[in-house]
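Bear in mind that the values in this text are calculations on the coordinates, not laboratory data. Computed from a predicted structure; not experimentally measured. Virtual Cβ from ideal backbone geometry, glycine too; neighbours counted across all protein chains shown.
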């Protein structure tokens with residue numbers, strides 16, 4: 001994850017509001033929680049030229065519905081909208097009421113602040129004060145996702161930067177994400193369950209084939225906190241579900257944008273019954289195989305690039321259809337065990353030149369840039385080629 005420190009003048013920010021280019025309600029955000037006194041204090045500081053905390057933004061690619069998603073600073077921006085309103089020609093926010101739906105929120109439009117010992121609304125400020133106010137520079141931090149960014153990292157960031165005022169809990173963030181996206185929610189339910197300890201709520205892994213199989217991954221096993229473990233399981237499973245649904249490999253940072261912005265499409269509707277049956281068949285097979293054979297301790301089960309390829313191949317091919325009786329599928333199990341020996345550390349190269357070349361290509365695609373869609377496709381193709389010979 002990369003961070004760019006910058007500034008945005010208030011006049012420019014108002015232009016974004018009027019152009020509907022800032023999304024104030026992406027999945028991470030909660031409802032309106034600031035009290036009037038918090039809003040007044042913020043605007044009094046800004047009118048006086050005092051500094052305020054930075055706003056965290058996620059910038060969308062060109063051509064997107066929104067130019068920015070707000071990750072932190074929602075209450076500050078809403079306070080600005082309420083204060084400025086639309087009663088001045090030289091500076092106003094068009095369609096103020098479009099941002100607020102309850103009468104309680106709308107009643108705060110054009111609220112008063114104290115300036116030079118007197119209470120006043122924005123429309124009554126002098127032209128000189130407004131001129132200086134519109135030049136006010138708000139510190140901003142733009143966040144960019146790289147190939148190594150994880151859902152776990154994004155949630156941790158959001159928890160850390162939202163510790164001003166009413167604190168945000170990890171539980172609330174995860175609930176908010178799932179509420180916005182039915183697919184995320186239905187995938188989450190496959191691996192997680194809600195727990196209550198005194199006044200605290202949190203998630204922990206369910207005892208299911210999904211969680212047992214995913215827990216073998218080194219990246220999941222390394223998480224000491226149950227909530228963090230759930231996040232890593234959720235993210236891995238969501239990636240597999242999307243591939244199964246669309247037939248396309250994606251880079252994780254493209255998938256993670258689903259967690260930040262709100263868009264309808266393949267990523268949004270809940271798991272269908274047929275999708276669940278297909279997933280359940282694969283994970284039930286792996287669960288039994290891990291328990292009864294050394295497969296669960298192999299690189300296919302432990303290393304993410306190999307695991308991803310194994311599962312997506314099982315989902316997208318007809319291997320299990322011709323693999324013998326469910327849930328063991330002995331023919332497929334035998335092939336996977338044989339493949340796991342080929343990629344074991346220190347394994348001897350295959351005697352067959354054809355298999356050796358295919359394995360070399362597979363291992364090359366599993367060694368670097370492992371999440372690139374092209375490399376994932378190469379691994380899947382070579383994986384199937386090699387399995388056919390075993």
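Given their separation in residues at 0.36 nm each and the Cα-Cα distance between them, residue 182 and residue 64 gain 40.3 nm when the chain is fully extended.
Residues 3, 136, arranged from fewest to most other Cβ atoms within 10 angstrom of their Cβ, appear as 3, 136. Remark: the residue 110-residue 87 segment gains 7.4 nm on full extension, using 0.36 nm per residue and subtracting the alpha carbon distance. Legend: calculated FRET efficiency, residue 7 to residue 94, from the Cβ-Cβ distance at R0 = 25 Å, rounded to 0.05, equals 0.60. Listing 249, 110 from fewest to most neighbouring C-beta atoms within 10 Å gives 110, 249. Note on the chain: GNM, Cα springs under 10 Å; of 69, 18, 244, the largest mean-square fluctuation is that of 18. Pairing the Cα long axis of helix 330-342 with the longest principal axis of the chain, what angle in degrees results, from 0 to 90 and rounded to the nearest 10? Computed tilt is about 80 degrees. Only Cα sites of region 287-368 enter the Debye sum here, all with the same form factor; the resulting log10 I(q)/I(0) across q = 0.16, 0.19, 0.20 1/Å is -0.65, -0.91, -1.00, listed in q order.
When the chain is treated as a Gaussian network with alpha carbon springs shorter than 10 Å, the biggest mean-square fluctuation among 212, 41, 333 belongs to 41. When you restrict to C-alpha pairs under 8 Å that are six or more residues apart and normalise by the size of region 2-144, the relative contact order lands at 41 percent. Rounded to the nearest 5, the antiparallel percentage of DSSP beta bridges internal to region 2-144 is 70%. When peptides 284-294, 376-386 are sorted by average Cβ neighbour count within 10 Å, with the highest value leading, the order is 376-386, 284-294. With contacts taken as Cα pairs under 8 Å at a separation of at least 6 residues, the chain carries a relative contact order of 15 percent. Within the chain, DSSP assigns beta bridges of which about 80% are antiparallel (rounded to the nearest 5).
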